[in-house]
Amino acid sequence: MVIEIFPTRCYAQAMQSYFTDIDTWIFDLDLTLYGPEANIMAQVRDRIALYVEDHFQIGSVEAHEIRHRYWKKYGTTLGGLMAEHGVDPYGYLDFVHEVDLRLLQPAPDLRAHIHALPGRKIIFTNADAPYAERVLTARGLDDVFEDIFDIHRMQHMPKPFAGSYDALCSELTIDATRALFVEDSAHNLVPAKALGMRTIWVKHEGEADSTAYQDHIDHEISDVTQWLSEIHSFERAA
């Protein structure tokens, strides 16, 4: 089910009812709480390739090939490096997240909208907590979220590994049927929907079609700030 937006009072009342029972709002981090124009993930990819290049003493082209191959096979390049080469995840993540975050601007409207949501607010990311904290600070979102459930707490089994969603709900005592998950990677919504979460897909311009995941997407948006503004306007109109 994909929910459309119509500026009518009846629709506002329906949407208010749709979100009334949500008591936990779960957000992905990268490309969800900021857009692709900041180019942060390109920096991370280059740092990953540089790590691989240095680790194996190989050229850049081969390093990118290994980076991509492990990402496809294990869900993250780190997964492949750990499984096949015993790489230390903490040192690796410290290195690859040494990126320039100056292009990330504070987002006071986003902060206000997230802060105004009723219930708990959680970050669920395949990155690590120190990096997530830097991103949140750069966006002016520090002290907004109750917790950061990161790749280390997932035992380095990244989204969309279903066991990491189970661990999130178990460790943080989340009732999945009363939770909502906002994420830019459509395939990462599949396990969330299977647990009964409401799912919001942040689709960026030029991304591939999501038809294969349509049954797992409740609502498709292009901008989190705008979407949250609409939620709050539904509440005021109802």
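Determine, yes or no, whether F149 is assigned by TED's automatic domain parsing to the domain that holds T32, closer than 20 Å to Y34 by Cβ, in contact with a helix residue (DSSP H, G or I) (Cβ under 6 Å, 6 or more places away or on another chain) and among the aromatic types (F, W, Y).
For F149, the condition - assigned by TED's automatic domain parsing to the domain that holds T32, closer than 20 Å to Y34 by Cβ, in contact with a helix residue (DSSP H, G or I) (Cβ under 6 Å, 6 or more places away or on another chain) and among the aromatic types (F, W, Y) - is met.
Look at D54 and say whether it is modelled with pLDDT of 95 or more, assigned by TED's automatic domain parsing to the domain that holds C169 and over 17 Å from the mean Cα position of the chain (by Cα).
no
In region 29-53, which residues are in a helix (DSSP H, G or I) and aromatic (F, W, Y)?
Hit for region 29-53 is Y51, nothing else.
Of the numbered conditions (1) at pLDDT 95 or above; (2) outside the structural domain of I148 (by TED's automatic domain parsing), Y74 fails exactly one; give the number of that condition.
Condition (1) is where Y74 drops out.
Can you name the residue in region 89-107 that is outside any loop (DSSP other than H, G, I, E, B) and not charged (D, E, K, R) and is also nearest to Q43 (Cα to Cα) among such residues?
V96
Is it the case that some residue within region 39-61 is surrounded by fewer than 17 Cβ atoms within 10 Å (Cβ to Cβ), of a type in the set (G, A, S) and under 30 Å from Q105 (Cβ atoms)?
yes
Which one of V190, V224 is surrounded by 18 or more Cβ atoms within 10 Å (Cβ to Cβ) and under 23 Å from H113 (Cα atoms)?
V224
For region 116-160, give me each residue that is in contact (Cβ under 8 Å) with a residue 40 or more places away in the chain, in a helix (DSSP H, G or I) and buried (at least 20 other Cβ atoms within 10 Å of the Cβ).
Within region 116-160, A132, V135, L136 qualify.
Against the definition (in the same structural domain as I217 (by TED's automatic domain parsing) and not in a strand (DSSP E or B)), how does V190 come out, yes or no?
So V190 passes the test.
Identify the residue in region 161-181 that is part of a helix (DSSP H, G or I) and within 14 Å of the chain's Cα centre (by Cα) and, among all such residues, is surrounded by the fewest Cβ atoms within 10 Å (Cβ to Cβ).
S164
Hey, among the residues in region 106-115 that are touching a helix residue (DSSP H, G or I) at 6+ places or on another chain (Cβ under 8 Å) and surrounded by fewer than 21 Cβ atoms within 10 Å (Cβ to Cβ), which one's nearest to Y165 (Cα to Cα)?
Taking the candidates together, the pick is I114.
Applying the selection to region 50-97, what residues are within 19 Å of L31 (Cβ to Cβ) and among the aliphatic types (A, V, I, L, M)?
Across region 50-97, the qualifying residues are L78, L93, V96.
Looking at region 203-218, can you tell me whether even one residue there is at pLDDT 95 or above and either touching a Gly at 6+ places or on another chain (Cβ under 9 Å) or of a type in the set (G, A, S) (or both)?
no
The values are calculated or read from the model by the stated rules, or taken from the named source; none is laboratory data. Please read all numbers here as calculations on a predicted model, not as lab measurements. Every residue, glycine among them, receives a Cβ derived from its backbone with ideal geometry; neighbour counts consider all protein chains shown.
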